[in-house]
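Q: Below are the structure tokens for one structure; questions will follow.
The values are calculated or read from the model by the stated rules, or taken from the named source; none is laboratory data. No experiment lies behind these values; they were computed from the predicted model shown. Please note: Cβ atoms are built from the backbone with ideal geometry, for glycine as well, and neighbour counts cover all protein chains shown.
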Amino acid sequence: MLPFLDRRTAVLDRIQGVLVIWSTPIAYRNADVEHEYRQDSDLYYLSGFGEPESVALLSTVHPEHRFVLFVRPRDPERETWDGPRAGVEGARKHYAADAAFPIAEIGERLPAYLSGANRLYYRLGRDRDADARMLDAIAHVRGRGRSPAVWPTEIVDPSGVLHELRVKKSTDEIARMRRAAEITRDAHLGAMHLAAPGRWEYELEAVIRETFRRSGAERPAYGPIVGSGPNATILHYRANNRRLQDGELVLVDAGCEFDFYASDVTRTFPVSGTFSRPQRVIYDAVLAAQADAIALVAPGATLEQIHERAIRTVVSRLLTAGLLSGDADRIVSEQSYRRFFMHRTSHWLGMDVHDAGAYFVGGQPRPLEPGMVLTVEPGIYVREDDAEAPPEYRGIGVRIEDDVLVTESGRRELTADIPREPSDVEHACRA
């Protein structure tokens, strides 16, 4: 429980008032079948508590209760159906809560915790039911007539404090992300090995998901994308139901979540084990853009600089390939390259795939610092119906994505051992 205690202490040192985080609501897939449950990242980050119908509260104003959990009580009948619960006693014993109460009592107990606090750290607008209950509690404290009660007159989004801690990873967090990267490596190698003309996209997805679970990952960090042929040009393709054809590429964007920490990796490889000449032109362009962008990752650089470097390399390569024409500077300034490269190059990575943390500080791009983890993922996508593109490139989509840790001296690529050099990719496909 030490990492969670240290995190709570760090937050309490940075706030003055009461911070409240509600769990992710249970969502239903259809009828009475629930989606797989995954706890809110902020709540888990501070407590390690993974059950639904829970609330975590941190307070700098209560004389004894700095950390409070509201949880589902023990219920032998429900636990027979849904599994064990920590309960109120377990919240104290196993999660080090100073106080714990049944979740049903939050309405009556919350006003007492808000009393004496001028400031409430709470994220409005995410859960309307939770918003209403928080506002009711404030109204209850405020409406005590002539009593000398102090109530929150400010509601502050806690991300300014909490997410600034999350954006820089500890040694323990990095170890989890490295394990996630190792499992993801094995999954991508499995997909490369399985791919062949006549296979289906969902067969590759199946080996990816099987590798994740067999290796101890709780779940995919996001729905795996397996896009063959023209489907590789669809950024968030999800159907994964097309048959792989000889001579095509397949783009696989898949990463696992291990102990609540994500990996996020994309590889593009030839179904038949060998890149064609047009495929190599596009692939080499993306690989060069990624290498140039990764080379910039170091303390003090910004994601804007990394993206601009990737854009410049992509534009240069597209001009050489005849997919763009004209002046490179003008193409960049007018953003006409977005016809082929329409997304950003990087995002933060951690407990969430698009992880917590500000991208701009004081209106300026944020400089990288040691402990930050980001993706570097340029791509080029030539739609099958792009009548202006040279015919040999139509329907080719390539993205190469890796996870990079910022270190004191530069960077460490957490996913560098997943093949990406063309010869290594072809070898993995034939293995």
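Q: Just to be sure, is Gln39 farther than 24 Å from Asp172 by Cα and either polar (S, T, N, Q) or surrounded by fewer than 20 Cβ atoms within 10 Å (Cβ to Cβ) (or both)?
A: Against the criterion (farther than 24 Å from Asp172 by Cα and either polar (S, T, N, Q) or surrounded by fewer than 20 Cβ atoms within 10 Å (Cβ to Cβ) (or both)), Gln39 does not qualify.
Q: Next question. If you scan segment 114-124, which residues turn out to be over 16 Å from Ser47 (Cβ atoms) and assigned to a strand (DSSP E or B)?
A: Within segment 114-124, Arg119, Leu120 meet the criteria.
Q: Related question: So for segment 307-315 (the condition being surrounded by 17 or more Cβ atoms within 10 Å (Cβ to Cβ) and either assigned to a loop (DSSP other than H, G, I, E, B) or touching a strand residue (DSSP E or B) at 6+ places or on another chain (Cβ under 9 Å) (or both)), does at least one residue qualify?
A: Yes, segment 307-315 contains a residue that is surrounded by 17 or more Cβ atoms within 10 Å (Cβ to Cβ) and either assigned to a loop (DSSP other than H, G, I, E, B) or touching a strand residue (DSSP E or B) at 6+ places or on another chain (Cβ under 9 Å) (or both).
Q: Of the conditions (1) in a loop (DSSP other than H, G, I, E, B); (2) at negative phi; (3) surrounded by fewer than 22 Cβ atoms within 10 Å (Cβ to Cβ), Gly326 satisfies every one except a single condition; which number is it?
A: (2)
Q: Let me ask you something else. Show the residue pairs that are 6+ apart or on different chains and have beta-carbon atoms under 9 Å apart, the first residue being within segment 347-364 and more than 15 Å from Val265 (Cα to Cα) and at pLDDT 95 or above, the second being in a loop (DSSP other than H, G, I, E, B) and β-branched (Val, Ile, Thr).
A: Ala356/Val167; Gly357/Val167; Ala358/Val167
Q: Name the residues in segment 290-300 that are hydrophobic (A, V, I, L, M, F, W, C) and touching a strand residue (DSSP E or B) at 6+ places or on another chain (Cβ under 7 Å), would you?
A: Ala293, Ile294, Val297, Ala298
Q: All but one of (1) farther than 30 Å from Ser272 by Cβ; (2) assigned to a strand (DSSP E or B) hold for Val141; which doesn't?
A: Going through the list (1) farther than 30 Å from Ser272 by Cβ; (2) assigned to a strand (DSSP E or B), Val141 breaks only (2).
Q: Is there a residue being among the acidic types (Asp, Glu) and either closer than 15 Å to Arg267 by Cα or within 27 Å of the chain's Cα centre (by Cα) (or both) anywhere in segment 368-386?
A: Scanning segment 368-386, I find at least one residue that is among the acidic types (Asp, Glu) and either closer than 15 Å to Arg267 by Cα or within 27 Å of the chain's Cα centre (by Cα) (or both), so the answer is yes.
Per-residue answers, yes or no, for (1) within 20 Å of Pro25 (Cβ to Cβ); (2) touching a Gly at 6+ places or on another chain (Cβ under 6 Å); (3) free of Cβ contacts under 8 Å to residues at least 24 places away in the same chain:
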position: Arg78; (1), (2), (3): yes, no, yes
position: Asp82; (1), (2), (3): yes, no, yes
position: Arg92; (1), (2), (3): no, no, yes
position: Phe101; (1), (2), (3): yes, no, no
position: Glu108; (1), (2), (3): no, no, yes
position: Gly116; (1), (2), (3): no, no, no
position: Leu124; (1), (2), (3): yes, no, no
position: Asp131; (1), (2), (3): yes, no, yes
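Q: Determine if segment 348-369 includes at least one residue that is polar (S, T, N, Q) and more than 23 Å from Val250 (Cβ to Cβ).
A: yes
Q: For the structure I just gave you, tell me whether Thr274 is of a type in the set (S, T, N, Q), more than 24 Å from Asp355 (Cα to Cα) and out of contact with any Gly (no Cβ under 6 Å at 6 or more places or on another chain).
A: So Thr274 fits the description; yes.
Q: Residue check, Glu377 against (1) surrounded by fewer than 23 Cβ atoms within 10 Å (Cβ to Cβ); (2) at pLDDT 95 or above, all met but one. Which one?
A: Of (1) surrounded by fewer than 23 Cβ atoms within 10 Å (Cβ to Cβ); (2) at pLDDT 95 or above, only one is false for Glu377: (1).
Q: Which one of these does Val404 not meet: (1) among the hydrophobic types (A, V, I, L, M, F, W, C); (2) loosely packed, with under 15 Cβ neighbours inside 10 Å; (3) not in a loop (DSSP other than H, G, I, E, B)?
A: Evaluating Val404 over (1) among the hydrophobic types (A, V, I, L, M, F, W, C); (2) loosely packed, with under 15 Cβ neighbours inside 10 Å; (3) not in a loop (DSSP other than H, G, I, E, B) leaves (2) as the failure.
Q: Val150 fails exactly one of the following numbered conditions: (1) closer than 20 Å to Val265 by Cβ; (2) of a type in the set (A, V, I, L, M); (3) loosely packed, with under 15 Cβ neighbours inside 10 Å; (4) touching a residue at least 24 places away in the same chain (Cβ under 8 Å). What is the number of that condition?
A: Here Val150 clears every test but (1).
Q: Of all the strands (runs of 3 or more DSSP E) wholly in segment 158-274, which have at least 1 residues that are among the charged types (D, E, K, R) and crowded, with 19+ Cβ neighbours inside 10 Å?
A: Filter on segment 158-274 gives 249-254, 256-258, 265-270.
Q: Ok, one more. Quick check on this structure: which one of Gly116, Gly125 is in contact with a His (Cβ under 9 Å, 6 or more places away or on another chain) and at positive phi?
A: After applying the criteria, what remains is Gly116.
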